[in-house]
Structure formats: structure tokens, C-alpha cells
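Each remark here refers to the structure printed beneath this line.
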Amino acid sequence: MSSRILIVGAGLYGATCARELHDAGHRVHVIEQRAQPGGNCATRYVPEADCHEHLHGAHIFHTDSERIWSWVNRFARFNAYVNRVKVRHGDGLYSFPINLFTLYQVFGARTPDEARAALARERQPIAEPANLEEHCLATVGPTLYRLFIEGYTRKQWGCHPSELPAEIIKRIPVRLDFNDNYFNDRWQGIPIGGYAALFDRLLAGIRVDFGVDFLRDRAHWLARYDQVIYTGPIDAFFDHAHGRLEYRSLRFERELLPVADFQGNAVVNYTEAAVPYTRIIEHRHFDLPSPGRNERASHTLITREYPAAGDAGAEPYYPVATAANRARFERYRALADALAPQVHFGGRLAEYRYYDMHQVIGAALAHVQRTLQGQCHRTDALTPSA
Ligand code: UDP
């Protein structure tokens, strides 16, 4: 049976649900507060620098799920970009994530065995690391922790690494070979034509209205649809009745420079606490321009990324997974569950999760599958199926 479904938010979660539900024969209507789709993956073409600008920070698609990779490739062609980050700390420039070349640069290790021995000398004997700092001291030791992690993490999260859970850092590999790929996943790339091209295809043939604030007229919208998929901040949906969920935000400072190539790489992290930004991205490198293009260009576009408090008014980028925030989220989830199945909460902001893009797609596909099977839609049944 065809249902009338409203999707609030044209980011990756909303657009994935929209595509699948539309293709299954439902009448889908998407409303979006911003002027363009794509949520925080949004890109736009900048002619002066002849590249696609990642408007809300670098978005590199990666997944280890063949199912999700095949699904997303129906809507975009991906280039062969591989994220190989460099780190600046003081006058030093390092390969990152930590790999054999990094261990050569820092400790002079030239082989995996020498690297293993160097790390064994560095590691501190902490039997059960209780936080991000202890995890790093126990796995890579104080030298690498101070060089790469401590300052960056303090800037990024606005608190000391001893107050943060180790999970935040576990996504970054430490390797004893020369592999400097930031991700372990089998597939990786950036849509050719930017994420705008991907979202154009995801939302093709579907009604999308921009500049619409769902929360201002929520009763109006809720009365008109069989199901509402809400992808905004869960605390805002309930008027912050249990207080605000904490987010970390970012401030972006973009600069168009009259040079051919500013830093020779897409991403350079600045890991010292004294430098106020965490990284500089140079957008053209994400597009994998043709050979020689980087040397011939007249201008390049860079963005400095400054972490910021997620106060009211700031864009909510990263959920802050402290125990207090998790507990607060559970109270909101109970309110959300009481509205199921008519209202479903999904995506990074509605589930208050530090999701990657492939996990968002996995969660959205799982939700749609459950909807199509006519099962109930409790939010706690949603887990990424990567
Ligand atoms: N991190 C760090 N130094 C770096 C890069 C990352 O300490 O040079 C830590 C930091 O705490 C960060 C976490 O690792 O929040 C995850 O990094 P990732 O690059 O995955 O973050 P994202 O791209 O999602 O901002």
C-alpha cells in the first residue's frame, strides 16, 4: 500500500530513505531547512579554483560493505581518491596515520620489527585504559601521543583527552608497514562532480522543498502524513525539554589563494595546541585533477577548520559522547519511541551518533527495509548494517 511519507532533512539519511521509499511506490515529500540538499556532505563548484568545495569540511566516502558500495555507485561515479593525511607539528612534517614511515621519522625505525621494538619501548603498562589518553599511552606511548593526539584532540573536543572515551580515536589505524591510507575499508572515493551530483541523482523525481523549517509548523506537518522521518537534532524536536544535547561545532575560514598548489595534499593536520585550527584542506586535491593540473592552476581554494563550542546558533557537527550526554539522549529516545511508528528519528543528529557516511546509508537502508516489511520502527532497533 502506498503511504504519504514526509522526510525532514535532505542530508544523506533523508535522501537515502527518500530514494528507496519513492522507488518502492510511496509518495515521498522532502523538506529541507537549508537552500541545498546534501546536509554536511554538500559541495559546490568554485570556478575560480576549478574544483568542488566541501562546504562543511572534508567528506571522503569509504566503506567495507560491498552492499553499500554497490548501492551508492548506482547514483554517482567515484574517483580513486585515497586519503593520505600529513601532519604539521612545529617545523616537523609527518606521515599520518601512524605507519612505518612515521615511526622512521620519529624513532628512526626502518623495518616492521624495528617499529615494533620502538613501540614496545614507548608503551606504558596500563592494564585497562579508561579514557582516550590512557588508551594512547598504552598503545603508542607518550612521544607519539604528544606529537599527534594530545593537542589536536584538546582543540577538537574542547576538553582534555583524559575526559574522553577511547572510541573516538580507535577509528584511526596504527600500522607497522608503509600503508598511509587513513581508512582500512576496501572502497573509498569522492563522487565525480562532487556530492551535489550524487544528491541530484538520489533525489531525482522526488518533491523537495528548500528553506522550510519543520519545527515551526510541526503540528501542520504531522497531521498530513502517514509517516514522518525526522533527521534533525532530537533535542530540538522536543523543544529541549530535557536540556540541550552537547555538540561540538566547527568554524570554517576559506581562502582563495593566487598560487598553483598551497600544500601539495588534500589534508594537512596541525596537531599542536598553539595553532588554533586543526587542519587545512585544499579542495582541488579531492577532485584528483589530471596530471600537471595542480602545477598549472592560477588559484587554489583552502579551508582552515577551527573547532568551536556548539552553543545555540552554531551548526551541530559532532555529538559529544560523555556519560551525561548519553544519559540525556536516552531520555529523548524514550520520548521518540513513544511516537513510533508514526515518527521515526534517524541520522547523526536524530540518533546523536558520530556516524560516518556509509553508516548513515546502512542505517537508512535498514529503516526502509523494516518499513517495507511492516515492522515497528523503534529507534533502538536501528544499528548500522555496514
Ligand atoms: N585525531 C588526533 N590527531 C589527528 C587526527 C585525529 O588526535 O591528527 C583524533 C581526534 O581526537 C579526532 C579523532 O582522532 O577527533 C578522530 O579523527 P577523524 O579524523 O576520524 O575525525 P573527523 O574526520 O570525523 O573529524
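For this structure, a couple of remarks:
- Qualifying residue in region 49-60 (condition: more than 30 Å from ALA35 (Cβ to Cβ), acidic (Asp, Glu) and either out of contact with any Leu (no Cβ under 7 Å at 6 or more places or on another chain) or modelled with pLDDT under 95 (or both)): no
- Where helices (runs of 4 or more DSSP H) fall entirely within region 280-386, those with at least 2 residues that are modelled with pLDDT of 90 or more and of a type in the set (Phe, Trp, Tyr) are at 323-338.
- VAL30 vs. criteria over 21 Å from GLY264 (Cα atoms), among the β-branched types (Val, Ile, Thr) and surrounded by 20 or more Cβ atoms within 10 Å (Cβ to Cβ): yes
- Residue in region 196-205 that is closer than 24 Å to HIS59 by Cβ, at pLDDT below 95 and part of a loop (DSSP other than H, G, I, E, B) present: no
- Members of region 202-226 that are crowded, with 16+ Cβ neighbours inside 10 Å and within 23 Å of the chain's Cα centre (by Cα): LEU202, LEU203
- Residue tally, condition polar (S, T, N, Q) and either more than 13 Å from the ligand (Cβ to nearest atom) or under 18 Å from ALA297 (Cα atoms) (or both), over region 247-280: 2
- Of all residues making up region 44-72, the number that are surrounded by 15 or more Cβ atoms within 10 Å (Cβ to Cβ) and either away from the ligand (no atom under 16 Å from the Cβ) or without any contact (Cβ under 8 Å) to a residue 12 or more places away in the chain (or both): 11
- Residue match in region 285-303 (condition: basic (Lys, Arg), under 22 Å from the mean Cα position of the chain (by Cα) and surrounded by fewer than 19 Cβ atoms within 10 Å (Cβ to Cβ)): no
- Scope region 41-71; condition closer than 14 Å to ASP356 by Cα and in contact with a strand residue (DSSP E or B) (Cβ under 7 Å, 6 or more places away or on another chain); matching residues: GLY57, ALA58, ILE60, PHE61, HIS62, THR63, TRP69
- Search result, residues across region 126-140 that are closer than 20 Å to ARG175 by Cα, more than 12 Å from the ligand (Cβ to nearest atom) and either free of Cβ contacts under 8 Å to residues at least 24 places away in the same chain or acidic (Asp, Glu) (or both): GLU134, LEU137, ALA138
- Number of the condition not met by ALA109 [criteria: (1) crowded, with 20+ Cβ neighbours inside 10 Å; (2) in contact (Cβ under 8 Å) with a residue 12 or more places away in the chain; (3) within 21 Å of ARG84 (Cα to Cα)]: (2)
- Total residues in region 272-284, condition closer than 30 Å to TYR352 by Cβ and under 19 Å from the mean Cα position of the chain (by Cα): 6
- Single residue of region 150-177 satisfying the filter (under 15 Å from PRO307 (Cα atoms) and touching a residue at least 60 places away in the same chain (Cβ under 8 Å)) that is farthest from the ligand (Cβ to nearest atom): GLY158
- Filter pass, PHE178 being of a type in the set (A, V, I, L, M, F, W, C), buried (at least 16 other Cβ atoms within 10 Å of the Cβ) and over 20 Å from the mean Cα position of the chain (by Cα): no
- Set side by side, the residues ALA127, ALA138 differ, and just one is surrounded by fewer than 18 Cβ atoms within 10 Å (Cβ to Cβ) and at pLDDT below 95, which is ALA127.
- Region 217-275, subset assigned to a loop (DSSP other than H, G, I, E, B) and of a type in the set (S, T, N, Q), residue nearest to LEU349 (Cα to Cα): THR231
The values are calculated or read from the model by the stated rules, or taken from the named source; none is laboratory data. If you're wondering where the values come from, they're calculated on a predicted model, not measured in any experiment. So basically every Cβ, Gly included, is an ideal-geometry build from the backbone, and we count neighbours across all protein chains shown.
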